[in-house]
Amino acid sequence: MNIYVGNVPYTVSETDLEELFGEYGQVATATIIRDRYDGRSKGFGFVEMENQEDGERAIEALDGQDMSGRPLKVNPARPREQRREPRRYDDSDRHM
């Protein structure tokens, strides 16, 4: 089960998330989303739990839980939307 974890303190690491969610079952992966230019945390991440029931228990227990003064936002992750292709222009798009 893929789980979205929002409002994560900027100092939290993947290991911290893995340990936190590991209390509820086997964690396959834990990822903090980082800025591609400076590598700093964007304040959210994803945890993949091996078992659906464990993931649901983790969501129930951790949503709203305080972590370093910030209430976590924990819910099932939505599927990633397809990125749109950049619009390509040709001569027929030009207006004279």
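Computed from the coordinates by the stated procedures, all read-outs in this text should not be read as laboratory data. Computed from a predicted structure; not experimentally measured. So basically every Cβ, Gly included, is an ideal-geometry build from the backbone, and we count neighbours across all protein chains shown.
Does Thr29 satisfy the condition of being β-branched (Val, Ile, Thr), surrounded by fewer than 16 Cβ atoms within 10 Å (Cβ to Cβ) and either touching a residue at least 24 places away in the same chain (Cβ under 8 Å) or not in a helix (DSSP H, G or I) (or both)? For Thr29, the condition - β-branched (Val, Ile, Thr), surrounded by fewer than 16 Cβ atoms within 10 Å (Cβ to Cβ) and either touching a residue at least 24 places away in the same chain (Cβ under 8 Å) or not in a helix (DSSP H, G or I) (or both) - is met. One residue stands out among those in the range 1-16 that are part of a loop (DSSP other than H, G, I, E, B) and in contact (Cβ under 8 Å) with a residue 60 or more places away in the chain: the one that is nearest to Ser68 (Cα to Cα), which is Pro9. None of Glu56, Glu19 is touching a residue at least 24 places away in the same chain (Cβ under 8 Å), charged (D, E, K, R) and part of a helix (DSSP H, G or I) except Glu56.
Within the range 43-53, the set of residues being more than 15 Å from Leu17 (Cα to Cα) and without any contact (Cβ under 8 Å) to a residue 40 or more places away in the chain comprises Glu53 only.
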